[in-house]
There are 4 protein chains.
Amino acid sequence: MIKVGIIGSTGYAGNELVRLLMMHPETELTWLGSRSYVDEKYAGIYKNVFSLNDDSCRDDNIAKMADEVDVIFTATPQGYLAGVLTEDILSKAKVIDLSADYRIKDVATYEKWYGITHKSPQFIEEAVYGLCEINRDKVKGARLIANPGCYTTCSILTAYPLVKEGYIDVDTLIVDAKSGTSGAGRGAKVPNLYCEVNENIKAYGVATHRHTPEIEEQLGYACDKDVTINFTPHLIPMNRGILATEYAKLNKVTRSDGTEGYPTADMIRKCYEKFYSDEYFIRLLEPGMNPETRWVEGTNFVDINFVVDDRTNRVIMMGALDNICKGAAGQAVQNMNILFELDEKTGLELIGMC
Amino acid sequence: MIKVGIIGSTGYAGNELVRLLMMHPETELTWLGSRSYVDEKYAGIYKNVFSLNDDSCRDDNIAKMADEVDVIFTATPQGYLAGVLTEDILSKAKVIDLSADYRIKDVATYEKWYGITHKSPQFIEEAVYGLCEINRDKVKGARLIANPGCYTTCSILTAYPLVKEGYIDVDTLIVDAKSGTSGAGRGAKVPNLYCEVNENIKAYGVATHRHTPEIEEQLGYACDKDVTINFTPHLIPMNRGILATEYAKLNKVTRSDGTEGYPTADMIRKCYEKFYSDEYFIRLLEPGMNPETRWVEGTNFVDINFVVDDRTNRVIMMGALDNICKGAAGQAVQNMNILFELDEKTGLELIGMC
Amino acid sequence: MIKVGIIGSTGYAGNELVRLLMMHPETELTWLGSRSYVDEKYAGIYKNVFSLNDDSCRDDNIAKMADEVDVIFTATPQGYLAGVLTEDILSKAKVIDLSADYRIKDVATYEKWYGITHKSPQFIEEAVYGLCEINRDKVKGARLIANPGCYTTCSILTAYPLVKEGYIDVDTLIVDAKSGTSGAGRGAKVPNLYCEVNENIKAYGVATHRHTPEIEEQLGYACDKDVTINFTPHLIPMNRGILATEYAKLNKVTRSDGTEGYPTADMIRKCYEKFYSDEYFIRLLEPGMNPETRWVEGTNFVDINFVVDDRTNRVIMMGALDNICKGAAGQAVQNMNILFELDEKTGLELIGMC
Amino acid sequence: MIKVGIIGSTGYAGNELVRLLMMHPETELTWLGSRSYVDEKYAGIYKNVFSLNDDSCRDDNIAKMADEVDVIFTATPQGYLAGVLTEDILSKAKVIDLSADYRIKDVATYEKWYGITHKSPQFIEEAVYGLCEINRDKVKGARLIANPGCYTTCSILTAYPLVKEGYIDVDTLIVDAKSGTSGAGRGAKVPNLYCEVNENIKAYGVATHRHTPEIEEQLGYACDKDVTINFTPHLIPMNRGILATEYAKLNKVTRSDGTEGYPTADMIRKCYEKFYSDEYFIRLLEPGMNPETRWVEGTNFVDINFVVDDRTNRVIMMGALDNICKGAAGQAVQNMNILFELDEKTGLELIGMC
């Protein structure tokens, strides 16, 4: 059994880790770390595990945790892990960080968008960006996983094959994303109150949201050049789910019959299949089916589809995932499965509720 | 024009007062008091009045406010007004208190249920309980109005005619109430976060909710004896609205033909009509129509109906209102209209949105 | 592997059966019956199983289905199964009926409340009322299971120990229940449209709801006398979940020290524990924790608690479950597990999402 | 008093017309037309007007209606009005059509996008596109108003000043719009059921939605050339409200100091002010405030703002309105006010609820 410690187990992503790992056949929850609820019964805070989990929360002493567990998940605010991570910890336990601290390779970019000084830039280089479907091989054997952001996972996976294949002009890429409210976390803030979110929709972080450089960096690797995009998140009155609607101009390419022209819908479908047909967690929907967040809620799936608009020569790509699962805790468990050489699906073969 | 000051104008009830009074033809908003937002533009906090109201919030100096206005609304936490009210204030301005400070005549009862020491019990006697449909005559000429609670208004008005007429055994009265989340206020608390309230229902304050003694006192006046009831509030994933479902055993009465027996549905309907047929804000629905909160949202109406169960000889009474309007700010404006001898409906002839 | 057929697989309860049985290690979905979607891909209708299930819907020929499967689930409108069930079918396959056709032993009562003539009353006697925690022993070896209603399961389990022990006066029992909208089914009806349900609450079927006699019959067995109650369901703007708030007068009983008096909170807790402490799916919450539907959503749990009101000598009991899972499909799978002598929890050890 | 008839008064837009016109000081509701509810009490269907409106629904005989009223509102499916409109009707009453029948000047375009043969193309020419803030002068004196679509009103008004001024490259314009569910109408369809919409978001009509050519035509008039855009609507779990997020590349322009360059945020703000500072119903928010649908719910306001992204040289424009009010019935009443030479705000000075 893999012994697991969680720092930040009482946030929404933390509870999702607890939920997933309690159903996981190969793990043992050893340390439920918390800052606000030390010594309180976990099941008294999150009654979904009432009668199933008798543990009390422990503190967030990560050095001590590393002595007791095989893997540490950090579901913590930006900057936390960078402030406490040490070589000693990494030598004792795998670390899967759900925050942004090691996602961005360029420290200056991180510090600019996050407005924080990075306390341990020496670990950035070795950290592996844990977008499993793209970086699976690098994840194997890593000590430190930078688990991707929720918007980022959705935005990248939805566009990745077309960027990689050169089918779209990345300079025209616009990502209009919509998220449920759990993405805002469990902090007690007025804008996240029920009556402020319900019966409402708004954009936020327009042109300034921190997931922007993360998307740009990863798509940049795919097309081997600098990428600058527009990314606009919106807050939606629902608990879970992200839908990314992405727009880009098609590039003219040489078709299989030798002619020059825009990629056809058929070519684009084949492109997606080339990258994703063996991916259990990515479901390329059939033509005419638009991704809906409800079908992936509570699961690790990403549902993707696209429409070609012959009037504008743009492709509209759509991707849906559960921000707390595939967008956070689910992908973290997927990374853990890879790290510990388990079947990648272990504990994640969940089916969404209608 | 009536000059109006509001203490607590940036809470949900405060904003409803602002909304109603800005549409009211006879009032002028003179002082928007706040504790947290002093000197901030009101329209920057509540953008429903953007471009319509250019005022900045002022402090909550009630003594100074009394010099400038004709009427003061206090939409404040329990205990606030009791701590600052003076004879001088009452001599200068009418005070309509949306808190519970002067609703309960017995200080000991207030202090027991609210867990606060009452700082100015000397004003309790003169305060008029502003349930307009019942106490209209007393409201006229009063200086201090104790504006009823949201659950209370709904619970009392739904049962009042049958209690008054002796048709039900008040000792069997059970009030099961359901409320939208605005009733919990705009304070930043985890239990009121979107993700905690959405897709959920729970009871709270079971057997201990503070509106209980207020309902008991008022129904006690109606039947001229002590009343002890069960009142259970529930939190519902919607912004506004309260539905009270009330149960009571019917009393045997002497019917018009001289026989003894339980009141018939027809007799009960006539009883409601006797008390409410002239009341604009109380709508006795037709047989078979159950009150729904959506039809009264944003209005000062209370929709009421009932079903007689011949199997159990109980009557099930149902009442619906908007907790922030008729349950708070709307009724407060109705009281103001009475105090200033305006048509009671002035500024309150609103129609709900479908 | 147990071969399974479902009649009505494209309704909400049908899809929940599909979801649960696809995750169940001992079953094989052999026949997904439908009336409206014959020959259509199931995963095209319910995209939660996209990429996981490649079956097309088949018709609802139950006689033919009985030749191919070991167990038939009927998630069908009232009257359907009664019209098609035969001795031949029962001789070939176990039948678990999610409709009300065989729940009520007295045909006249069924016909009165449902307004339908019962077409096969000869099977009523042998049908076992599948409330697993109460009737587990009778379920074993049965051929025909009448799977309880959603409101019924919640209402009965919440009150059962206190009724059985004689702690409450059943003649005073009032059940005020609140349900998510999935209980209304997937039929295209105006009252179930999003805009009609959202931001609204209403009672319905007041004093006439069909689950009433079912609750009365089962509680009657518990206290060995006729029971007549008030049951009022309400429609709530959420997808899943039922909360039952139940009120009853306490009976005076002889306490362990020989004195006569009302049962104390401690005695009531012990009474619940006596019946439920070994029940995995029933979670008696700790004092002060009120059941909330979100903690049981997607699971087969029932969360129960109570408050004693010393002022009125009533006990307020509260129970929460997922109407589509423990209230329908989950309990049906639990019954199947018992019928086929599997561990009762097989495939049902699900943890709710926060 | 202006006598008003409504065809389609029992749909959501129809009920909004009823709500607004009952609060309008200069109108008299003479004929509430319906197809499904003839002779039924209107207040029995829409209980928001219970006790306030005693009328029964009449049929949809528009010719007869024209004899009795001064103005006819048609809140009807596409193709209805085109099939029944006559010169005789237009000679007797003003007609304000909330459907798309006369919005698009090119019949072929209409027939292609709507898939219907236009039955009365002879009236298209004279119909005035009733986007009041743009076409106010043409509305005056017209007989037939083509009231704009909900998405269209929001999309056009949000971009109009920048298109008109040549600040943006219209060929790069992308409109990503999100709508509450009332826009789908009150028809009983499975996709609009509560449980299908709640906790979900999806795109629909991608690259094919019928409001696209309407937006293109109107923006084409603004910049005097053919416009082809991408427009993607999304369905959101809320009753009312549309948010349009619009993206376009900035054009280089000659600045006031003679230099060539992209318009600054300040220039863009001035451009909006130039067109909208005198428009009561258009509220240009202050820098940093993003439009939210809740602030305009129930009102005729459009809230607009923008962000310039210096990294991409795009402007992100955002507009929010109530799809049933400014996006349908409110704008129709605004058009009526103009037609009858009333103050344009009459009956529309509504303040949204928090």
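The values are calculated or read from the model by the stated rules, or taken from the named source; none is laboratory data. The shown structure was predicted, so the numbers you read here are calculated from the model rather than taken from an experiment. Every residue, glycine as well, gets a Cβ built from its backbone with ideal geometry; the counts of neighbours run over all protein chains shown. Please note that ligands, DNA and RNA were not included when accessible areas were found on the heavy atoms of the full protein model with its side chains. Shrake-Rupley method; radii C 1.70, N 1.55, O 1.52, S 1.80 Å.
Rounded to a whole number, what is D in µm²/s for the stretch C:1-50 from Stokes-Einstein with the Kirkwood radius over alpha-carbon pairs (25 °C, 0.890 mPa s)? Here the translational diffusion coefficient equals 224 µm²/s.
The fraction of Cα-Cα pairs per 5 angstrom bin, counted from 0 for the stretch C:232-354, comes to 2, 10, 17, 19, 17, 13, 10, 7, 4, 1 percent, rounded to whole percents. Each Cα pair under 8 Å and six or more residues apart adds its sequence gap; the mean of these over the residue count of the stretch C:175-248 is a relative contact order of 58 percent. The equivalent ellipsoid of the protein assembly as shown has semi-axes of 46, 43, 34 Å, largest first, where each one is the square root of 5 times an eigenvalue of the Cα gyration tensor. Spin-label model, C:S256/D:R255: points 7 Å from Cα along the beta carbon direction are separated by 8.5 nm. Think of chain A as a dipole: +1 on every Lys or Arg Cβ, -1 on every Asp or Glu Cβ, centred on the Cα centre; then among A:S256, A:N15, A:C271, A:N15 lies furthest on the positive end. Built from the Cα atoms of the stretch C:149-303, the convex hull projects on average onto 10.2 nm², one quarter of its surface area.
Below 21 Å Cα-Cα, how many Lys pairs turn up in the stretch C:1-106? Only count pairs eight or more apart in sequence, or on different chains, if you could. Pairs that pass both the separation and distance tests number 8. Measuring from centroid to centroid over Cα atoms, what is the spacing of the stretch A:1-21 and the stretch D:137-160 in Å? The two parts, judged by their Cα centres, are 53 Å apart.
The mean number of partner chain beta-carbon atoms within 10 angstrom of a residue's beta-carbon across peptide B:320-328 is 1. The eigenvalues of the Cα gyration tensor, multiplied by 5 and square-rooted, give the stretch C:134-235 an equivalent ellipsoid with semi-axes of 28, 18, 10 Å from largest to smallest. Within 10 Å of the Cβ of each residue in B:304-317, the mean number of Cβ atoms contributed by other protein chains is 4.
Pairs spanning more than 24 Å between alpha-carbon atoms, out of B:K138/B:K326; A:K225/D:K178; D:K138/D:K345: A:K225/D:K178. Each peptide in C:151-162, D:136-147 gets a packing score, the mean of other Cβ atoms within 10 Å over its residues, and the list from highest to lowest is C:151-162, D:136-147.
Mean per-residue shielding of peptide C:294-300 is 5, counting Cβ atoms of other chains within 10 Å of each Cβ.
Inter-copy label distances at D:E279, using a point 7 Å along Cα-to-Cβ, come to 4.2, 4.5, 6.2 nm with the shortest given first.
Our coupling estimate for the stretch C:134-141, obtained by passing each phi through the Karplus curve with A = 6.51, B = -1.76, C = 1.60 and θ = phi - 60°, is 9, 10, 3, 5, 6, 5, 3, x Hz, Gly and Pro reported as x.
Consider all pairwise Cα distances in the stretch D:49-90 and report the whole-number % of them above 16 Å. Value for the stretch D:49-90: 46 percent of Cα pairs lie more than 16 Å apart.
Run the Debye formula on the Cα coordinates of chain D, all scatterers equal and no solvent, and tell me log10 I(q)/I(0) at q = 0.07, 0.10, 0.15 1/Å. So the normalised log intensities work out to -0.29, -0.59, -1.33.
Annotation for the stretch C:171-206 versus the stretch D:210-243: alpha-carbon center distance of 37 Å. Between D:V302 and D:I282, D:R283, the built amide H atoms are under 5 Å apart, and every one of these is 5 or more places off in sequence or on another chain. Heavy-atom accessible area for A:K225, with the other protein chains in place and a 1.4 Å probe, reaches approximately 90 Å².
Put the Cα centre of the stretch B:264-280 next to the Cα centre of the stretch A:257-314 and the gap is 63 Å. Cβ under 12 Å from B:T117's Cβ, B:T117 left aside: what net charge do those residues give with Lys, Arg +1 and Asp, Glu -1? Combined, the nearby Lys, Arg, Asp and Glu give 0.
Among B:69-80, C:111-122, the peptide with the highest mean count of other Cβ atoms within 10 Å heads the list, and the full ranking is B:69-80, C:111-122.
Ordering D:D224, C:D106 by accessible surface, largest first, gives D:D224, C:D106; the 1.4 Å probe counts only protein heavy atoms, with every chain in place. Solvent-free Debye calculation, one equal scatterer per alpha-carbon of the stretch D:255-308: log10 I(q)/I(0) at 0.15, 0.20, 0.25 Å⁻¹ equals -0.49, -0.76, -1.01. A probe of 1.4 angstrom, applied to the heavy atoms of all protein chains, finds D:F275 with accessible area near 50 square angstrom. Whole percent per 10 Å bin, from 0 to the bin with the longest distance: what is P(r) over all C-alpha pairs of the stretch B:40-150? Per 10 Å bin, starting at 0, the Cα pair percentages come out as 14, 40, 30, 14, 1.
In this label model, B:K138 and D:I116 are separated by 6.0 nm, measuring between points 7 Å along each Cα→Cβ vector.
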